[in-house]
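Q: Handing you a structure now.
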Amino acid sequence: MVKAVAVITVSDTCFKDNTKDTSGPALADFVRELFPEANLHTIIIPDEKEIIERELKYFCESSLDLVLTTGGTGLTPRDLTPEATKAVIQREVPGITTAITIASLKKTPMAQLSRAVAGIRDKTLIVNFPGSKKAVTECFEIVKPILSHAIALIHDEKAEVSYIHKSMQFNHTCTHVSNVDVSKVAFRPRESPFQMYEMAEAWKMVDDVMSEWEERVEIVTIEEGLGRVVAQALSSKEPMPPFPASVKDGYACLSIDGAGVRRVRTAVTAGDAPTAPLCAGECARVNTGAAVPAGADCVVQVEDTRLVSATEDGQTEIEVEILKAPEPQQDVRCVGFDIPMGTVLVDKGYVLDPAKIGILAGAGYQNVTVRAPPKVALLSTGNELQEPSEVKLRPAHIRDSNRTMLRVLLKEHGYDSIDCGIARDSPPELVAAISAALKIADVLVCTGGVSMGEKDLLKPVLLKDFNATLHYGRVRMKPGKPSTFATCEFEGKKKYIFALPGNPVSAYVCSLLFVVRALRVSCGVRGAWARLRVRLAHGAALDPRPEYARAALALSPDGDMPTATLLGSQCSSRLLSACGANVLLELPGATDTQQRLPAGAVVSALVTGRLDFTS
Ligand code: AMP
Ligand code: MG
């Protein structure tokens, strides 16, 4: 299965001059169509050999299956993509480029001038395409039939990831060994050896650890920038509006002329460049957004005028009367009124929203440099789990719902993730699956196997086989008490592991409270969710632990604060209790004097979902 693909646009002009990149997005679309499950990375880089080499190596080290480049394959001195690719690949695949050349020559003799290269580095296939959208479209058609097979072959040779996946799915034994001894089940601890931390302490640990994440950036189109954190400030290169513009439909005139009759000299609609300046006693009919002619210093809205004379056919106004004396600058947006030239349009750390993206588009920016979040892998653990797609459930089995739920939950909050399948509850299989995940990701989110049963092996495997530091292994919260956060060094890099309980509600709540927070912090956004004060619509029993109860908000008819209704039984296996939840209520732990909150009690609510009020 093709899991991750990169499309690199190599172009000085797209990179530096903000020329619109059309080939990269076209190629990205083809990739999406062919490999809809794959994680797709797109970047634009200049025609610099070292940068091209660096990015190719980066993607290969990140174990991407396929890297496609577009641009820089021709004969100009700056065309260096083939040289950079040759420097990176370990084995050439000349058949791919030969096939492209043969097919392209049938269309144009210019194909002789392409020097594209294809080859393999580690487990990544790299293919150069020419720079034009047309060429990219034609070339992709040629390589399309062989890409999946080529990638499968490359993986078979080094077999590790695909072997592990097969072993997970078909219960094969695997070659990894573990230091965890599971033979003495009777002597396992009956009390959790892990210290119980308060939520505030757990959050602080997540924040402290994740804020060490080194700043990585990538260039994306402004549209792809939605929800991303800006890494480089962008300033306006031109004033907005670039000319004095009318705010109203009316008449541009000279304020010094006061009220009275004016000769209608000309008409200027939006987009027309006015030619001659206005003189005293004259006016020009203008539309909203039209350029105000030189000489004029105000606009009088049509409602404040009266027609005095017109040609008989009604096609031309000759004179109008200005009924109210205008002020200078009335209803004129001067040059730079909305955005003066040189204004910082987006600053470092800003999370891009549609309005800012509109401003960037209006200022002529097509790309923006944003923070790249850590790569996230998702792994489910449990002997009882089957793939959701399997038709028949085996006895005592259930379908894995966590992976799908967490993948879309992360997506909803703007983060991609890589699906690493299901691992069985055996130490060697867990070692194999976790190793495979850590090879391709920075953050591993796994569910299941963290509580007190003899098959709950995640914590010992992390400690004994990965030499991990467990920052916390128990948190005073409900649901999610055995939630675990660990870091370890793997193949020379620091990795971050969230081992969450398998119960779907625990996995859901802990992903929101810890994982999304961690990903935000790593991009420079402070992690906390917005908190609201809300009123309970009904009484609620309190658990000894502080509880994150799933609830739906409604506006109260009397204009008081919103009311929150718990979504049925809050049992941690019952995912229905999270369906339609837009908040997690922070219910306090029960005390000797308070075991229940009455209807109407005010509690705080973390806004973790969309606030689409229905009433
Ligand atoms: P565990 O955390 O492994 O002790 O699992 C707790 C409960 O969650 C058990 O009832 C599991 O069957 C269930 N569970 C674990 N993983 C998943 C999953 N990926 N999807 C759905 N349920 C799960
Ligand atoms: Mg389990």
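Q: Can you confirm whether the range 524-544 contains a residue that is within 30 Å of PRO373 (Cβ to Cβ), among the hydrophobic types (A, V, I, L, M, F, W, C), out of contact with any Phe, Trp or Tyr (no Cβ under 9 Å at 6 or more places or on another chain) and within 16 Å of ligand 1 (Cβ to nearest atom)?
A: Pass one, the range 524-544, residues within 30 Å of PRO373 (Cβ to Cβ): 524-532.
If we keep only those that are among the hydrophobic types (A, V, I, L, M, F, W, C) as well, we get 525, 528-530, 532.
Filter again for out of contact with any Phe, Trp or Tyr (no Cβ under 9 Å at 6 or more places or on another chain), leaving 525, 529-530, 532.
Then keep just the ones that are within 16 Å of ligand 1 (Cβ to nearest atom); that gives none.
For the range 524-544, residues within 30 Å of PRO373 (Cβ to Cβ), among the hydrophobic types (A, V, I, L, M, F, W, C), out of contact with any Phe, Trp or Tyr (no Cβ under 9 Å at 6 or more places or on another chain) and within 16 Å of ligand 1 (Cβ to nearest atom): absent.
Q: Which count do you get for residues in the range 462-485 that are of a type in the set (A, V, I, L, M, F, W, C) and away from ligand 1 (no atom under 16 Å from the Cβ)?
A: Narrowing the range 462-485 to residues of a type in the set (A, V, I, L, M, F, W, C): 462-463, 466, 468, 470, 475, 477, 485.
Next, from what is left, pick out any that are away from ligand 1 (no atom under 16 Å from the Cβ): 463, 466, 468, 470.
Of the residues in the range 462-485, 4 are of a type in the set (A, V, I, L, M, F, W, C) and away from ligand 1 (no atom under 16 Å from the Cβ).
Condition check ((1) in the same structural domain as SER483 (by TED's automatic domain parsing); (2) open to solvent by less than 80 Å² (accessible area, probe 1.4 Å); (3) at pLDDT 95 or above) across all residues:
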| site | (1), (2), (3) |
| --- | --- |
| THR175 | no, no, no |
| SER178 | no, yes, no |
| ASP181 | no, no, no |
| LYS184 | no, no, no |
| PHE187 | no, no, no |
| GLU191 | no, no, no |
| ALA200 | yes, yes, yes |
| MET205 | yes, yes, yes |
| ASP208 | yes, yes, yes |
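Q: Tell me which residues, restricted to the range 379-404, are away from ligand 2 (no atom under 16 Å from the Cβ), open to solvent by 80 Å² or more (accessible area, probe 1.4 Å) and hydrophobic (A, V, I, L, M, F, W, C).
A: Of everything in the range 379-404, just one residue is away from ligand 2 (no atom under 16 Å from the Cβ), open to solvent by 80 Å² or more (accessible area, probe 1.4 Å) and hydrophobic (A, V, I, L, M, F, W, C), namely VAL391.
Q: If you don't mind, another one. Could you tell me which numbered condition GLU303 fails, if it satisfies all but one of (1) in contact with a strand residue (DSSP E or B) (Cβ under 7 Å, 6 or more places away or on another chain); (2) charged (D, E, K, R); (3) in a helix (DSSP H, G or I)?
A: (1)
Q: Inside the range 298-330, can you point out the residues that are open to solvent by less than 40 Å² (accessible area, probe 1.4 Å) and within 30 Å of ALA363 (Cα to Cα)?
A: Within the range 298-330, CYS298, VAL299, VAL300 meet the criteria.
Q: Looking at the structure I just gave you, is THR42 farther than 22 Å from THR369 by Cα and either in contact with a Gly (Cβ under 9 Å, 6 or more places away or on another chain) or open to solvent by 10 Å² or more (accessible area, probe 1.4 Å) (or both)? Give the derivation first.
A: Values: farther than 22 Å from THR369 by Cα: no; either in contact with a Gly (Cβ under 9 Å, 6 or more places away or on another chain) or open to solvent by 10 Å² or more (accessible area, probe 1.4 Å) (or both): yes.
No: the conditions fail for THR42.
Q: Test of understanding: among ALA432, ALA372, ALA355, which residue is within 30 Å of VAL515 (Cα to Cα), away from ligand 1 (no atom under 16 Å from the Cβ), among the hydrophobic types (A, V, I, L, M, F, W, C) and in contact with a His (Cβ under 7 Å, 6 or more places away or on another chain)?
A: Working: ALA372 fails: in contact with a His (Cβ under 7 Å, 6 or more places away or on another chain); ALA355 fails: in contact with a His (Cβ under 7 Å, 6 or more places away or on another chain).
The conditions single out ALA432.
Q: I would also like to ask the following. Identify all residues within the range 426-443 that are open to solvent by less than 20 Å² (accessible area, probe 1.4 Å) and touching an Asp or Glu at 6+ places or on another chain (Cβ under 9 Å); write none if there are none.
A: Listed by number, the residues that qualify are PRO427, LEU430, VAL431, ALA432, ILE434, SER435, ALA436, LEU438.
Q: Related question: Condition (residue is small (Gly, Ala, Ser) and either assigned to a loop (DSSP other than H, G, I, E, B) or crowded, with 20+ Cβ neighbours inside 10 Å (or both)) applied to the range 240-247: is it met by at least one residue? Spell out how you get there, then give the answer.
A: Let us first name the residues in the range 240-247 that are small (Gly, Ala, Ser), namely 245-246.
Retained after the next criterion (residues that are either assigned to a loop (DSSP other than H, G, I, E, B) or crowded, with 20+ Cβ neighbours inside 10 Å (or both)): 245-246.
Checked the range 240-247: at least one residue is small (Gly, Ala, Ser) and either assigned to a loop (DSSP other than H, G, I, E, B) or crowded, with 20+ Cβ neighbours inside 10 Å (or both).
Q: Do you know which residues across the range 405-461 are more than 18 Å from GLU37 (Cβ to Cβ), more than 16 Å from ligand 2 (Cβ to nearest atom) and either among the aromatic types (Phe, Trp, Tyr) or in a loop (DSSP other than H, G, I, E, B) (or both)?
A: Passing the criteria: HIS413, GLY414, ASP442.
Q: Here's a check for you: in the range 345-358, which residue that is farther than 25 Å from ILE45 by Cβ and either outside any loop (DSSP other than H, G, I, E, B) or in the same structural domain as VAL302 (by TED's automatic domain parsing) (or both) is least open to solvent (accessible area, probe 1.4 Å)?
A: Initial filter on the range 345-358 (farther than 25 Å from ILE45 by Cβ): 353-355, 358.
With the extra rule that they be either outside any loop (DSSP other than H, G, I, E, B) or in the same structural domain as VAL302 (by TED's automatic domain parsing) (or both), the set shrinks to 354-355, 358.
Numbers: PRO354: 96, ALA355: 71, GLY358: 43 Å².
Looking at the filtered set, the residue picked out is GLY358.
Q: Does SER417 count as away from ligand 1 (no atom under 11 Å from the Cβ), crowded, with 18+ Cβ neighbours inside 10 Å and under 25 Å from ASP65 (Cβ atoms)?
A: Working: away from ligand 1 (no atom under 11 Å from the Cβ): yes; crowded, with 18+ Cβ neighbours inside 10 Å: yes; under 25 Å from ASP65 (Cβ atoms): yes.
Answer is yes for this residue.
Q: Can you pull out the strands (runs of 3 or more DSSP E) entirely within the range 502-615 that have at least 2 residues that are under 30 Å from GLU218 (Cβ atoms) and out of contact with any strand residue (DSSP E or B) (no Cβ under 6 Å at 6 or more places or on another chain)?
A: Working: elements: 531-536, 547-554, 563-566, 583-587, 602-607.
In the range 502-615, no matching strands (runs of 3 or more DSSP E) lie anywhere.
Q: Mind checking which residues of the range 483-501 are touching a strand residue (DSSP E or B) at 6+ places or on another chain (Cβ under 9 Å) and basic (Lys, Arg)?
A: So in the range 483-501, the residues touching a strand residue (DSSP E or B) at 6+ places or on another chain (Cβ under 9 Å) come out as 483-489, 494-501.
Passing the criteria: LYS494, LYS495.
The values are calculated or read from the model by the stated rules, or taken from the named source; none is laboratory data. Predicted, not measured: the structure shown is a model, and the values here were computed from it. Counting neighbours? That spans all protein chains shown, and the Cβs are built from the backbone with ideal geometry, glycine included. In case anyone asks, the SASA skips ligands and DNA or RNA and just uses the protein heavy atoms, side chains included. Shrake-Rupley method; radii C 1.70, N 1.55, O 1.52, S 1.80 Å.
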